[in-house]
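Report on the structure given below.
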Amino acid sequence: MDHNLPDAYTVRAAIALAVRAPSVHNSQPWAWRFTGRTVELRADPHRQLRNADPDGRDLLVSCGCALHHFTVAAAAMGWAAQVHRLPDPAEPELLARVTLVPHETRDGDIALAAAIPRRRSDRRRFADRPLLVRDEVYLRKSAADQDAALQIVDDAPRLSALTKAAAEAGGLHRADPGYTIELAAWSGRRYSPDGVPAQNAVSARTVGQELRVRDFADAGLVDGEGHDGAVLTVLSTAGDTPLDRLRAGEAASAVLLTATRLNLVSCVYTEPFELTSTRALVRDCVLAGRGEPQLVVRVGYLPEGAAPLPATPRRPLGEVVHPPAHPYGAGLPVPAQLRGR
Ligand SMILES: Cc1cc2nc3c(=O)[nH]c(=O)nc-3n(C[C@H](O)[C@H](O)[C@H](O)COP(=O)(O)O)c2cc1C
């Protein structure tokens, strides 16, 4: 056994945490392969949302979230990830090849990994309470460490531009039958391993002018009354190449896990960035032309007495990891009787 290589069980445990990453409509558009030496992350193009996400931005951002979750999980297990992003131009679906090298786990690694199973996309109204300056600094730094910028949108002109972009995007989407059918297929789910469950979605119709939620089908989560005190932030990257989108996902994961670690609640919202016109509105009027907007991240505190949300389900690991782990560890041939299972 080579002690400089992780065994298949360790890798599988890290992937089990990685797939807890958020993804657009909980589509989980990823596939993982462990070769015994490296871990490969591929996009699954069959899970791209052709109507909500025609240019594949959300797909790449979702995979970036999973990639960052994987590195966080590996670090907590004593392995540092050396990530080679988009390593093969001939194979664009191969998003990352990761080599794991021995690493001395620190308290911070464990604290961040412990946030993975606790994080939820929380679409309810948040308490009317500002963020601590210290927490703002941590959130901004977590994005900057992944080559992205997190801007807090707290002045009236920029808030109104963001709300306008969201309302326009919602209107354009509602008028698009392809989008509406796709959304109905991916939401209002019960007992499904993918899609957005009814119990995790609030109805956009009760939200009015507030920038908060996508209008998921059959929303069944009861929301509090009154004003939404969420702090709105926009996560942006310098450009909009596939690499920028992947990095945006890694940054979003870093921000969300940092928020959870700080006992904040959060949810991302990308509807305005799925359409060219509303993305341009946010780029020009919220970011003043500096950077490419990739996600809105709502952060804040739960109102007093609000219960935490149930976790959203995930697909079984066997569907997304190849080959399946076997009891003889990494790098050894799989016995004939286990092949093809
Ligand atoms: C790229 C991306 C786009 C998303 N867009 C939205 C959105 O517009 N509105 C929303 O309520 N949730 C959005 N989400 C959150 C997903 O719906 C959520 O991650 C998924 O349902 C799994 O639930 P969980 O985050 O609680 O594990 C998005 C997530 C990602 C990664």
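Leaving ligands, DNA and RNA out of it, report the carbon-plus-sulfur percent of the accessible area of the chain at a 1.4 Å probe.
That fraction is 55 percent.
Consider a paramagnetic label point 7 Å from the Cα of HIS322 along Cα→Cβ; state which residues of the range 34-68 have an amide N under 17 Å from it.
Residues 34-48 fall inside that zone.
For helix 242-261, report the angle its Cα long axis makes with the longest principal axis of the Cα atoms of the chain; keep it between 0 and 90° and round to the nearest 10°.
80
Expressed as an acute angle from 0 to 90° and rounded to the nearest 10, what is the orientation of the C-alpha long axis of helix 156-174 relative to the principal long axis of the chain?
70
Report the relative contact order of the chain, percent, no decimals, based on alpha-carbon pairs under 8 angstrom and at least 6 residues apart.
24
Using only C-alpha atoms and all pairs of different ones, pull out the Kirkwood radius for the range 133-300 in Å with one decimal.
16.6
Based on the mean of other beta carbon atoms within 10 Å per residue, what is the order of 277-289, 18-30, most packed first?
Answer by packing, highest mean first, reads 18-30, 277-289.
What is the set of long-range amide H partners of GLY188 at a cut-off below 5 Å, with H atoms built 1.01 Å from backbone N?
Long-range HN contacts for GLY188: VAL196, ALA198, ALA217.
Taking θ as phi - 60°, what are the ³J(HN,Hα) couplings along the range 129-144 by the Karplus curve (6.51, -1.76, 1.60), each to the nearest whole Hz, with x for Gly and Pro?
8, x, 6, 5, 4, 4, 5, 4, 5, 4, 5, 4, 5, 5, 6, 4
Enumerate the calculated ³J(HN,Hα) couplings along the range 177-194 in order (Karplus 6.51 cos²θ - 1.76 cosθ + 1.60, θ = phi - 60°), each rounded to whole Hz, writing x wherever the residue is Gly or Pro.
Computed from phi, the couplings for the range 177-194 are x, x, 4, 5, 5, 4, 4, 5, 6, 9, 9, x, 6, 9, 6, 10, x, 9 Hz.
Tell me, what is the percent relative contact order of the range 133-300, built from C-alpha pairs under 8 Å that lie six or more residues apart?
Dividing the mean separation by the residue count of the range 133-300 yields 30 percent.
Kindly report the accessible area of the range 133-300 per residue (heavy atoms of protein chains, probe 1.4 Å, no ligands, DNA or RNA), in Å².
Per-residue accessible area for the range 133-300 comes out at 42 Å².
May I ask for the distance between the Cα centers of the range 128-184 and the range 276-308, given as a whole number of Å?
1
Just subtract the alpha-carbon distance of SER277 and ASP147 from 0.36 nm times their residue separation and send over the number in nm, one decimal.
Value of the extension gain: 44.3 nm.
How far apart, in nm, are the 7 Å Cα→Cβ label points at VAL222 and THR241?
Simple spin-label model gives 5.1 nm for this pair.
Which FRET efficiency value, to the nearest 0.05, do you get for HIS3 and ASP154 by plugging their Cβ-Cβ distance into 1/(1 + (r/R0)^6) with R0 = 41 Å?
0.25
What angle do you read, to the nearest 10 degrees and between 0 and 90, between the alpha-carbon axis of helix 8-18 and the longest principal axis of the chain?
0
Between ALA80 and SER192, how many nm apart are label points set 7 Å from Cα along the C-beta direction?
Each label point lies 7 Å from its Cα, and together they span 4.3 nm.
Can you give me the long-range amide H partners of PHE126? Hydrogens built in the peptide plane at 1.01 Å from N, cutoff under 5 Å, separation of 5 or more residues or another chain.
For PHE126, whose amide H was placed from the backbone, the distant partners under 5 Å are GLY229, ALA230.
Taking 7 Å along the Cα-to-C-beta vector as the label spot, tell me the ASP88-GLU304 distance in nanometres, rounded to one decimal.
5.8
Taking H placed 1.01 Å from N in the peptide plane, check which residues at least 5 places from LEU295 or on another chain put their amide H under 5 Å from its amide H.
For LEU295, the qualifying residues are LEU235.
Please list the equivalent ellipsoid semi-axes of the chain, computed as the square roots of five times the alpha-carbon gyration tensor eigenvalues, in descending order and whole angstrom.
33, 21, 20
Go through the range 199-296 and name the GluC sites (Glu not before Pro) that are in a DSSP coil and have 12 or fewer other Cβ atoms within 10 Å of their Cβ.
Hits after loop and neighbour filter: GLU225.
Applying a 10 Å radius around every beta-carbon, put 184-197, 304-317 in order of their mean neighbour count, most first.
Sorting 184-197, 304-317 by mean packing, highest first, produces 184-197, 304-317.
How much length is gained if the chain between CYS285 and VAL133 is pulled fully straight, taking 0.36 nm per residue apart and subtracting their Cα-Cα distance, in nm to one decimal?
Between CYS285 and VAL133, full extension yields 52.2 nm more.
The values are calculated or read from the model by the stated rules, or taken from the named source; none is laboratory data. All of these numbers come straight from a predicted model, not from anything done at the bench. Positions of Cβ are backbone-derived with ideal geometry, glycine not excepted, and every protein chain shown enters the neighbour counts. Remember, those area values only see protein heavy atoms, side chains included, never the ligands or the DNA or RNA. Shrake-Rupley method; radii C 1.70, N 1.55, O 1.52, S 1.80 Å.
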